[in-house]
1. Restrict the check to the stretch 471-482 and report whether at least one residue is modelled with pLDDT of 50 or more, out of contact with any helix residue (DSSP H, G or I) (no Cβ under 8 Å at 6 or more places or on another chain) and within 17 Å of residue 445 (Cα to Cα).
2. Would a scan of the stretch 292-307 turn up a residue that is surrounded by 12 or more Cβ atoms within 10 Å (Cβ to Cβ), assigned to a strand (DSSP E or B) and not assigned by TED's automatic domain parsing to the domain that holds residue 555?
3. Given 498, 462, 414, which one is modelled with pLDDT under 90, part of a loop (DSSP other than H, G, I, E, B) and at negative phi?
4. Check off (1) closer than 27 Å to residue 187 by Cβ; (2) buried (at least 20 other Cβ atoms within 10 Å of the Cβ); (3) touching a helix residue (DSSP H, G or I) at 6+ places or on another chain (Cβ under 8 Å) for residue 198 and give me the number that stays unchecked.
5. Which of the residues that make up the stretch 26-50 are out of contact with any strand residue (DSSP E or B) (no Cβ under 8 Å at 6 or more places or on another chain) and surrounded by 15 or more Cβ atoms within 10 Å (Cβ to Cβ)?
6. How many residues are more than 17 Å from residue 592 (Cβ to Cβ), at pLDDT below 90 and under 40 Å from the mean Cα position of the chain (by Cα) if we restrict to the stretch 521-563?
7. Of the residues that sit in the stretch 375-399 and are in a loop (DSSP other than H, G, I, E, B) and more than 19 Å from residue 551 (Cβ to Cβ), which one is modelled with the lowest pLDDT?
8. Just a yes or no: is a residue in the stretch 270-283 under 25 Å from residue 194 (Cα atoms) and out of contact with any helix residue (DSSP H, G or I) (no Cβ under 9 Å at 6 or more places or on another chain)?
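The values are calculated or read from the model by the stated rules, or taken from the named source; none is laboratory data. As the structure is a computational prediction, the values presented were derived from the model and not from experiment. In this analysis, Cβ positions are derived from the backbone assuming ideal geometry, glycine residues included, and neighbour counts consider all displayed protein chains.
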């Protein structure tokens, strides 16, 4: 697709919905048709959806050992198409078997000519000519449409009247209107005065610069917000006029920045010199000027300032007041050196003060956010002003907690208020079960008052899992097998339970040196198993190393503890705080047995 056609398609896409835009010609169908025959450049001559099969293909179809797949192709529409494409007469009301016999007879009798008979070639030639004529007519319609679009654009251009709007609309027409004669040659007398343009977009600015460079003796100063186009002898006068229009009472722009970007020499003359490229006048502008730094290059003004003694232009930072996101921003300051350096030192001091205030504000905001997130705990504690008396039992633990862990929150994006622990009432003499969500991991937790009780609870859970599996097997067994299993269970059930965890390959609990040295009666021990929420990976605990403990304070509503996750954090334990928010748990824990190797794939 050439550029002209690309521009045409773009024009239709952008302006096609405008009410008076010339309607686009309707594209013709992809094929031409004559009776049952159709033709298009991609498929050639066809009948319906079928092209002519070669004589070799027809002979393969009618072999005695023809494949089922080849025979399946020969449907009634396909056979009818072949008869027409080979110009073989047939009974239009005949069934598929009769039509196949007719086609086979023609093939066996050499009535089918490779490439088709002359009668069909005539039809194809006629359709090819029709197709070419349709495409030629469409091309002519497209060319006329392009002319209509050009006339439409010219009508819009003629109504503008403002040089800036004309330049934004079409650079070629703008240049031709003001600077060229009817033959396209330069015409200085046509527009002797400079033309000032405003707010050209990037594309228009680039096109204007390229077009001006092709016209002898035509010059321009082009920026995005202000441009001057004039014949070379008049350019300086045009620059004077354009520069004077920047600093106006009604302007909403940063005048100093725009003046410096548009013309550095005139900017210096206005504020720091006695004329264009003149001598320094320190009292003319004693206070440094501050200009925005952004999309506009300030390199020209910095280079120009170097040629003026004691004048300094620096890229620096100025303070920003009353901004919740930042305390400083980059700017350009220009002025006499002593004043500039004094101003920069003052800014540095102010920025340092703002940073301190900003840090205090952020700390206060963070504190407010934390208070808002722990409000459920504050409300819970206020409703129970009379503290419970210890020592506490597992029954006192029942309820819902939020977890606070500095490392998980600071380093791994976990949020206070979303990490929870829900402890359920004990269903065993050895301990209780809880559901937890700690950001990186979530799963099930076993809790007990000692490490020995925790090990007993774990073994009990393993036995319960084994019982559930055998119960499922029993339901699927026959009555005789069930009777035999029941008799065996009665005799040896106790032995099975005692060794269940060992036979399942569960290793004994590893007691840690010094782990029971605490005399705190309000310490509780736990073991956890769960899933890595980031990688959706099941975390097994064959070696019983995912453990921890926490100590309730005297109120029974707050606890501090440690949790081990050696695969992720090595030997360093995570320190956390628990804050109680309700007397009833809100999340139901999964079965402890669900976190095992056999259930690894069932979970996902």
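1. no
2. The answer is yes, given that some residue of the stretch 292-307 is surrounded by 12 or more Cβ atoms within 10 Å (Cβ to Cβ), assigned to a strand (DSSP E or B) and not assigned by TED's automatic domain parsing to the domain that holds residue 555.
3. Working: 498 fails: part of a loop (DSSP other than H, G, I, E, B); 462 fails: part of a loop (DSSP other than H, G, I, E, B).
Exactly one residue qualifies, and that residue is 414.
4. (2)
5. Listed by number, the list holds a single entry, 50.
6. Looking only at that region, the number is 6.
7. Here is the first cut: in the stretch 375-399, the ones in a loop (DSSP other than H, G, I, E, B) are 384-393, 398.
Within this subset, residues satisfying the condition of being more than 19 Å from residue 551 (Cβ to Cβ) are 384-386.
Numbers: 384: 83, 385: 70, 386: 67.
Out of the qualifying residues, it is 386.
8. Scanning the stretch 270-283 turns up no residue that is under 25 Å from residue 194 (Cα atoms) and out of contact with any helix residue (DSSP H, G or I) (no Cβ under 9 Å at 6 or more places or on another chain).
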